Each structure stands twice: as structure tokens, then as C-alpha cells.
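*Asks:* Got a structure for you, written out below as C-alpha cells; questions coming shortly.
The values are calculated or read from the model by the stated rules, or taken from the named source; none is laboratory data. None of these values were measured; they are calculated from a predicted model. Cβ placement follows ideal geometry from the backbone for every residue including glycine, while neighbour counts extend to all protein chains displayed. Quick note on the areas: whole protein, heavy atoms, side chains included, nothing else; ligands and nucleic acids left out. Shrake-Rupley method; radii C 1.70, N 1.55, O 1.52, S 1.80 Å.
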Amino acid sequence: MNKATVVSGIRPTGYLHLGNYFGAVQNFLRMQEDYNCYFFIADIHSLTTHPTPENLQAGVKQVLAEYLACGIDPEKSTIFIQSDVPEVTELYTILNMNAYLGELERTTSFKDKARQQPENVNAGLLTYPVLMASDIIIHKAHYVPVGKDQEQNLEMARKFAKRFNRMYKSKIFPIPKPFTFEGADLVKVPGLDGSGKMGKSEGNAINLYDTEKEIRKKVMRAVTDSGPLEMNSEKPEAIQNLFTLMKIVSQAEVVAQFDEAYNKCEIRYGDMKKQLAEDIVKFTTPIRERIVTILEDEAYLAKVAQMGAEKARESAAATLNEVKKVVGFRKFY
């Protein structure tokens, strides 16, 4: 029985943080046991924000090492770098011919990015959903794990796949669906700034690569208030965020102890933060040590990248040949 295919990509900007781990990577570790998984580092996507060549290369290497350190297995999953698979950009070019200006301009991701970088509203930002669609459907993905911010782009990928199949009277592309684990709790890891979720660009994250000193410093600076004035009062968002983080990394009895202290108006946030930092350090230290070891092993990183490129290109080339055939491309030699 053939396994269903799952595709997921991550931009090599910044380090993986606790939000990435508990919101995505932890699920990837389960997926690779039961699905045909393609996990790629989206270095072409990152060009929309014009990184320097040095930053781009360092970011790709970092994410590759971090994925491996977290337990993604290159023998079970296809881990590859987007730019190592030129078939993706060839399919992207073909799909662009059937993607329309109006629908691309209306996407939330384009409007948000155009607001954030008004001096750099490039064509890559506009056609980002088309490249994302190419990444997904070139491997005939059945499922794509997506967060809320990418749901619309997945819907665009579904639209482009359906449109291509319809225009060329083919059934080349399965229509990808969002991936959800049955009965699983999707973990939303809050940031340290008192609101929202942990994110790379928000500056509110604990990175898997952070040192013990950096983690303690970040946690001790986390937003709090002056403490509860009434017993059993509702926790403000910033305080609830600290408890949510603690539930993720600490023992249940530790969480219960501080929860009881809060309800009795006896909470000491300094003590809570020290305990939270201690438990985060305990969780991330083994991962950080593996990241450091892998980053130093250039030969292993090269082997993984080459193996992933070969597997991804085999899959991509097969799909692209089908696409070219139905589009009408023929060789005359």
C-alpha cells in the first residue's frame, strides 16, 4: 500500500524556536513514520526579502542541522533544499501562465508583505502563492501541514492544481488538503512579550539554539504584571502565556504548584520565571548540543543535502514530464 505524501517547507530566516518545535517539528517526527514526507528549506522564497548570500547560506545550513538534531530522519523523510530542485521553478513558470493578477493581488500574504516592505514590493511577493503551489503539487502532495497564516496560500495551491487539471483535461495533480492529526491538540506556543504567538520576526522567541544564559535572560525579561489582587482571579494574557509555556515544558506538579500560588495571591513571578527557564534549558540543551555537533560535520550535511536533492528531483522530474506532455511541449530532436 502506497503511503500518502506530505510536503512542508520552511524559510531559512532565523533559528527554529519552541513554537516551531511544538507547533510543527514534533508532528513531523510522527508523520515520517506513516507518510511519504518531503521537508524542504525554502531558500528561493527567502529571496523576496533580499538576504545577503552569506546570510542565506548560513540560514540554510542552520535549519538543515536543526531539523536533523530534532530527529527528522533522512532515511525516512526526504529533506532537501528548494534550490537544489530546478524542476520546481520550471513548474512555477508554467503555473504562472494560469495565475491571474487580480487573485494574486487579493491574497492576504501579498498585502501584508507589501505593507511591511513598501520599498520592495517585488514580483516574487506577488507570485509567492504560485511558487508555494509548485513546491506542493510537484510531489503530488495529498496533505500539507499549515498554520493559520498559510491557509489562504494552500487554498491557492488547491485552486491552481484544479485549474491545471481542468484546462488540460488531466488528472495529474491530486488536490492537497490541510494536514491535521486526528484527535491531536495543536500546540500554539505563546511569545514572551505578553501577546500573540512565538515568532521569528517578533523578537519574542526562545530558540532551540539559544545558550543557557540567553534563555534565562529572555525568560526573566518576559512580560508580567504586579500580581493578582483577588483570590482565584482570571489570569491576564501575559500571565496565562507564562503558564501555557510552563505546561509545555514543565512537570504537571510544578504547574499545579504555581497555579495554586496564583489563585491564593501568593505568586512570586521571579520564582516562576526561574523555574520556567530551568525547565526550558533542560528541554533544549540536548537539542542544542546535537545542533552544534551536526553544524561541525560538513561531510554529513553535504551527504544529507545530496541524498535529499536526488530523491526530490526524481519525484519532481517525473511530475514535470507529465506536465510538459499535456501542455504540448515536444522535442523535435
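*Asks:* Search the stretch 259-316 for residues being among the aliphatic types (A, V, I, L, M) and more than 25 Å from the chain's Cα centre (by Cα), and hand back the single one that is farthest from ASN241 (Cα to Cα).
*Replies:* The residue in question is ALA299.
*Asks:* Then there is this: Taking the stated definitions as given, is LYS235 open to solvent by 50 Å² or more (accessible area, probe 1.4 Å) and either in contact (Cβ under 8 Å) with a residue 40 or more places away in the chain or not polar (S, T, N, Q) (or both)? Full working, then the answer.
*Replies:* Working: open to solvent by 50 Å² or more (accessible area, probe 1.4 Å): no; either in contact (Cβ under 8 Å) with a residue 40 or more places away in the chain or not polar (S, T, N, Q) (or both): yes.
In short, no.
*Asks:* Specify which of the listed residues (GLY59, GLY23, GLY19, GLY14) is under 25 Å from LYS140 (Cα atoms) and open to solvent by less than 50 Å² (accessible area, probe 1.4 Å).
*Replies:* GLY23
*Asks:* Would a scan of the stretch 239-259 turn up a residue that is modelled with pLDDT under 95, closer than 22 Å to LYS188 by Cβ and of a type in the set (Asp, Glu)?
*Replies:* no
*Asks:* Pairs under 8 Å by beta carbon, first residue more than 9 Å from PHE80 (Cβ to Cβ) in the stretch 304-333, partner among the hydroxyl-bearing types (Ser, Thr, Tyr) and part of a loop (DSSP other than H, G, I, E, B), six or more apart or different chains?
*Replies:* Going by the 8 Å Cβ cut-off, the qualifying pairs are GLU322/SER170; VAL326/TYR168; VAL326/SER170; VAL327/TYR168.
Residue-by-condition table, conditions (1) assigned to a loop (DSSP other than H, G, I, E, B); (2) open to solvent by less than 50 Å² (accessible area, probe 1.4 Å); (3) of a type outside the set (Lys, Arg):
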site	(1), (2), (3)
LYS188	yes, no, no
ASP193	yes, no, yes
GLU202	yes, no, yes
LYS213	no, no, no
ARG216	no, no, no
VAL219	no, yes, yes
ASP225	yes, no, yes
PRO228	yes, yes, yes
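*Asks:* Considering THR78, THR49, which residue is touching a residue at least 40 places away in the same chain (Cβ under 8 Å), β-branched (Val, Ile, Thr) and touching a Gly at 6+ places or on another chain (Cβ under 8 Å)?
*Replies:* One residue alone meets the criteria, THR78.
*Asks:* When residues of the stretch 36-55 are filtered for being in contact with a strand residue (DSSP E or B) (Cβ under 7 Å, 6 or more places away or on another chain) and either open to solvent by 60 Å² or more (accessible area, probe 1.4 Å) or hydrophobic (A, V, I, L, M, F, W, C) (or both), how many remain?
*Replies:* Going through the stretch 36-55 one residue at a time, the tally reaches 5.
*Asks:* Name the pairs: first residue in the stretch 255-273 and over 12 Å from PRO228 (Cβ atoms), second residue open to solvent by 70 Å² or more (accessible area, probe 1.4 Å), Cβ to Cβ under 6 Å, at least 6 apart or on different chains?
*Replies:* Between residues of the stretch 255-273 that are over 12 Å from PRO228 (Cβ atoms) and residues that are open to solvent by 70 Å² or more (accessible area, probe 1.4 Å), the close pairs are VAL255/LYS247; LYS273/MET220.
*Asks:* Quick test for you: out of VAL144, VAL85, VAL63, pick the one residue that is among the hydrophobic types (A, V, I, L, M, F, W, C) and more than 18 Å from the chain's Cα centre (by Cα).
*Replies:* VAL85
*Asks:* Please work out if GLN152 is open to solvent by 70 Å² or more (accessible area, probe 1.4 Å), of a type in the set (S, T, N, Q) and without any contact (Cβ under 8 Å) to a residue 12 or more places away in the chain.
*Replies:* For GLN152, the condition - open to solvent by 70 Å² or more (accessible area, probe 1.4 Å), of a type in the set (S, T, N, Q) and without any contact (Cβ under 8 Å) to a residue 12 or more places away in the chain - is not met.
*Asks:* Please go through the stretch 94-112 and give me each residue that is without any contact (Cβ under 8 Å) to a residue 12 or more places away in the chain and under 24 Å from the mean Cα position of the chain (by Cα), ordered by number.
*Replies:* If the condition is that a residue be without any contact (Cβ under 8 Å) to a residue 12 or more places away in the chain and under 24 Å from the mean Cα position of the chain (by Cα), then ARG106, LYS111, ASP112 are the ones that fit.
*Asks:* If you scan the stretch 91-146, which residues turn out to be open to solvent by 10 Å² or more (accessible area, probe 1.4 Å) and β-branched (Val, Ile, Thr)?
*Replies:* Those that are open to solvent by 10 Å² or more (accessible area, probe 1.4 Å) and β-branched (Val, Ile, Thr): THR93, ILE94, THR108, VAL121, THR127, VAL146.
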